Amino acid sequence: MAYSIINGKELSQKIQEEIKEKIACLKTCPHLAVILIGDNPASQTYVKNKEKACQNIGIKSITYHLDKDIKQQELEDFIIELNNDKQINGILVQLPLPKHLETEKILSLISPLKDVDGFHPLNTGLLVKGSENAILPCTPKGIIKMLHSVKEDLSGLNAVVIGRSQIVGLPIAQLLIKENCTTTVTHSHTKDLSAITQNADILVVAIGKPDFINKEHIKKGAIVIDVGINKTDNGLKGDVDFDSAKTQASYITPVPGGVGPMTIAMLLENTYLAYLNQTTP
Ligand code: NDP
């Protein structure tokens with residue numbers, strides 16, 4: 001069966017161009033504050049990529065690189081300072097945080113209006129309620145845009161999500177329900193996974209295990225979204241064995257060049273929307 005690739009890189013660039021044009025018409029530019037704590041090399045790379053993307057489209061971004069031993073209270077005080085700074089429209093705390101810091105407490109201190117990652121409990125609640133006012137988490141928001149790029153109406157389709165994390169699995173399941181998909185969430189305790197996934201018109205895989213999903217799991221003609229980013233000796237791998245899965249799928253996302261670039265585009269969009277929300281009377 002012929003398959004097509006959903007090119008996240010191209011789609012992301014198109015979205016970034018559109019935001020850039022809109023920002024060029026503004027009187028001032030949106031401003032993102034990024035907090036990076038410690039020396040995690042992967043986090044440093046992610047932050048650099050985000051900075052570069054901001055710069056390219058006219059968002060001012062400042063990274064605050066804080067010491068790995070920063071005390072919880074100091075970090076909380078700093079976030080409150082950024083919340084009160086009217087010049088700053090978006091605040092992003094790069095995860096994971098060092099173990100001595102309370103991640104949930106930190107994320108819930110960020111003003112929900114500046115929560116461009118969409119991880120604040122208020123935004124999570126609005127997402128569950130299906131509210132248009134929620135700031136949506138970037139990866140799930142990007143996945144919905146990718147799906148719409150190949151199929152306008154997702155209504156009535158069977159969607160299966162593998163993984164139930166707070167940042168990917170659970171929110172994408174909520175968004176798929178909002179799209180009127182019949183949505184099943186699976187996880188590490190799921191029995192006979194392939195019996196469930198073989199029924200999926202849309203399969204979203206967010207496990208964190210390279211090449212875990214193959215053609216045996218995939219219904220003929222399914223749309224397969226691979227969220228996984230796994231560093232292996234053979235380079236960066238998704239959670240889906242691409243060469244095997246493509247024999248069954250109608251559409252499939254590559255790794256790299258799939259969901260990853262869309263996550264960045266959605267961060268930029270969320271920052272732009274947060275700016276509008278804060279500056280429009
Ligand atoms: P987590 O580790 O938080 O969650 C993994 C999920 O997979 C858990 O819910 C776990 O189940 C489930 N799982 C593990 N093993 C199995 C199994 N054998 N069968 C079914 N389910 C299983 O990961 P994340 O959601 O944070 O990330 C997933 C992947 O996506 C990672 O590779 C990560 O790097 C990548 N990622 C990519 C992004 C992007 O922009 N492209 C953004 C964010 C993440 P249980 O809950 O029972 O433990």
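Key figures for this structure:
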quantity: Förster radius 30 Å - calculated FRET efficiency between Ser155 and Leu236, Cβ distance, rounded to 0.05; calculated: 0.30
quantity: Placed amide H near Thr184: partners under 5 Å, 5+ positions off or other chain; calculated: Ala159, Val160, Val161
quantity: Dipole of region 16-149, positive direction: furthest Cα of Ile37, Gly58, Leu92, with charges on the beta-carbon; calculated: Gly58
quantity: Dipole in debye (nearest 20) - the chain, about Cα centre, beta carbon charges: Lys, Arg +1; Asp, Glu -1; calculated: 360 debye
quantity: In region 66-187, lysine pairs closer than 18 Å at Cα, eight or more apart or cross-chain; calculated: 13
quantity: Under the span-like rule (Cα at least 27 Å along the axis, Kyte-Doolittle mean at least -0.5), DSSP H helices of the chain; calculated: 259-279
quantity: Of all DSSP beta bridges in the chain, antiparallel share, percent nearest 5; calculated: 10 percent
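A short reminder: the numbers here are calculations on the coordinates, not readings from a lab. Keep in mind the model is a prediction, meaning the values are calculated, not measured. As a convention, Cβ positions derive from the backbone with ideal geometry for all residues, glycine included, and neighbour counts pool all protein chains shown.
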